[in-house]
Amino acid sequence: MPVILILNGPNLNLLGTRQPEIYGYETLEDINKSLKKKFPAVKFETFQSNSEGALIDRLHDARGKVDGVVFNPGAYTHTSIALFDAIKAVELPVIEVHLSLPEARESFRHHSYITPACKGKISGLGSIGYSLAVEALLDAGKK
Ligand code: CA2
């Protein structure tokens, strides 16, 4: 059974409670639950943190234990060379996901430090982006 880590960064614990016009009405728990329902043949591990170090530690811990990672790094997308290094270091396929389309928002969101370390990226489609990312990982893992 493939194992996929759903990793979420800062403030995403607030999903569904504020700014629904940007981030939708679903909570992070709703998103994680619907992934488990939609992909019963996948073992999901889920983790959210507001701390950059905790996200790095979780990536390190996933090395050799999961088949892929779906990662919404939140605002660390636009600031974190340390997360870029961690993704490179763990040598896992990582799909970057954003609920919104950062390139259509403020200019400080236009650059991602994370993208060059990732296998692919899905942005601007809301919560279905997580599900599309899981499908992409499963497809890439087919022998
Ligand atoms: O669109 C995305 O998924 C983002 O990763 C979300 C980040 C933002 O900094 C990125 O540029 C794009 C922000 C997450 C904040 O989440 C909230 C959720 C509900 C209420 C307030 C913030």
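The values are calculated or read from the model by the stated rules, or taken from the named source; none is laboratory data. The structure displayed is predicted, hence computed values, not measured ones. Every residue, glycine among them, receives a Cβ derived from its backbone with ideal geometry; neighbour counts consider all protein chains shown. Note: areas computed on protein heavy atoms with side chains; ligands, DNA, RNA excluded. Shrake-Rupley method; radii C 1.70, N 1.55, O 1.52, S 1.80 Å.
Hey, among 133, 140, which residue is open to solvent by 20 Å² or more (accessible area, probe 1.4 Å), outside any loop (DSSP other than H, G, I, E, B) and not acidic (Asp, Glu)? So that I can check it myself, show each step before the final result.
Numbers: 133 fails: open to solvent by 20 Å² or more (accessible area, probe 1.4 Å).
The unique qualifying residue is 140.
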Scan the range 11-28 and report the pairs whose first residue is touching a residue at least 12 places away in the same chain (Cβ under 8 Å) and within 14 Å of residue 98 (Cβ to Cβ) and whose second residue is near the ligand (Cβ under 6 Å from one of its atoms) and among the small types (Gly, Ala, Ser), with Cβ atoms within less than 7 Å and a gap of 6+ or a chain change. 11/74; 12/74; 22/100; 23/100
Between 94, 66, which is modelled with pLDDT of 95 or more, crowded, with 16+ Cβ neighbours inside 10 Å, closer than 18 Å to residue 134 by Cα and within 16 Å of the ligand (Cβ to nearest atom)? 94
Does at least one position in the range 41-51 carry a residue that is open to solvent by less than 80 Å² (accessible area, probe 1.4 Å), among the small types (Gly, Ala, Ser) and more than 15 Å from the ligand (Cβ to nearest atom)? yes
Which pairs have Cβ atoms under 9 Å, sit 6 or more apart or on different chains, and link a residue in the range 92-104 that is touching a residue at least 60 places away in the same chain (Cβ under 8 Å) to one that is of a type in the set (Ser, Thr, Tyr) and open to solvent by 10 Å² or more (accessible area, probe 1.4 Å)? 99/23; 99/123; 99/127; 100/23; 100/123
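Would you pick out the residues in the range 81-91 that are open to solvent by 10 Å² or more (accessible area, probe 1.4 Å), away from the ligand (no atom under 16 Å from the Cβ) and either in contact with an Asp or Glu (Cβ under 7 Å, 6 or more places away or on another chain) or not in a loop (DSSP other than H, G, I, E, B) (or both)?
The initial filter retains those residues of the range 81-91 that are open to solvent by 10 Å² or more (accessible area, probe 1.4 Å), namely 81-82, 84-85, 88-89, 91.
Restricting the remaining residues to those that are away from the ligand (no atom under 16 Å from the Cβ) gives 81-82, 85, 88-89, 91.
Across the range 81-91, the qualifying residues are 81, 82, 85, 88, 89.
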